[in-house]
Amino acid sequence: MSLLLAIALQLAADVPPPPTVAARDVVWASIGENFSEGPFPKKSPPSGARAVVDCRFGSSGRLTDCSVVDESIVGAGEAGLAKARRLTAEAQARDGKPVAGRRVLLTFSWLSAEQPVNPEDAGEVRP
């Protein structure tokens with residue numbers, strides 16, 4: 001291993017990870033219009049679809065540098081990223097510290113209003 005590579009690896013190891021903030025401790029300024037609608041690859045997302053997205057707050061409070069950490073079904077991650085782009089936070093979190101530069105983990109869940117009903121539970125009788 002070259003000396004230059006060894007120095008670069010040491011410097012990278014000495015850099016602390018960016019500070020984080022819990023989503024519940026953020027003062028959300030805006031969630032955009034019709035936040036509960038779209039985007040999702042299908043017209044109606046399946047009940048229980050979930051995405052976890054990791055983002056960094058920019059100086060304006062907008063979320064940047066977002067990536068999908070987990071998704072329950074294909075497409076949920078992209079939908080979560082699209083939702084995250086619509087969020088804006090106040091300059092300071094509830095702890096009084098600026099949000100700029102801090103990372104946040106967001107979980108987006110989609111619940112369908114149209115749950116299938118078992119015909120026996122609904123009292124429907126089939127011949």
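Observations
- Other residues whose C-beta falls under 14 angstrom from the C-beta of Ser109 contribute a net charge of 0, scoring Lys and Arg +1 and Asp and Glu -1.
- Prolate/oblate/rounded call for the range 48-111, Cα gyration tensor, a/c under 1.5 rounded: prolate
Read-outs throughout are calculated quantities, based only on the coordinates presented, and are distinct from any laboratory measurement. Everything numeric here is computed off the predicted structure, so don't read it as measured data. We place every Cβ from the backbone using ideal geometry, glycine too, and count neighbours over all the protein chains shown.
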